[in-house]
Amino acid sequence: MPGPQKITLAEARAQGDFMLLFYCKNLAANCWHSGEVRLDTAIARWGGALRLDQVPARCTQCGSRDHVDVRARPPKRDGGPAGPIVEH
Ligand SMILES: [Zn+2]
């Protein structure tokens, strides 16, 4: 059963997200590598119409392209969700 459709990079930015997170879940290689890229950088590289599940992410540790989960997250804030944004 297919899960809910992922949003696009432009939609992620529109809802206030700031970074893209990459999680490698290559169980066969026991790889749990993760990394982050600025959402602006990703949009400049791939365009805002790309969905998160279409991002051509490749794990720099195990080299897998098939096990990398991509998510977006909002900027970190000082003092919780209501605090000032500490990432620029
Ligand atoms: Zn990996």
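We did not get these values from a lab; they are worked out from the coordinates using the rules stated. This structure is a prediction, so every number in the text was calculated from the model and none was measured. Every residue, glycine as well, gets a Cβ built from its backbone with ideal geometry; the counts of neighbours run over all protein chains shown.
Here are the numbers:
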quantity	calculated
Rg/Rg_globular for the stretch 49-88, with Rg_globular taken as 2.2 N^0.38 Å and Rg from C-alpha atoms	1.64
Tail weight of P(r) past 17 Å, computed on alpha-carbon pairs of the chain, percent	52 percent
At most 13 other Cβ within 10 Å, DSSP loop - GluC sites (Glu not before Pro), the chain	87
Evaluated at q = 0.14, 0.15 Å⁻¹: base-10 log I(q)/I(0), Debye formula over Cα of the stretch 1-46	-0.46, -0.52
Value at 222 nm in deg cm²/dmol, rounded to 500, when DSSP H runs of n ≥ 4 in the chain each add -39,500 (n - 2.57)	-4000 deg cm²/dmol
Using a Förster distance of 41 Å, the FRET efficiency for residue 49-residue 82 (Cβ separation, nearest 0.05)	0.80
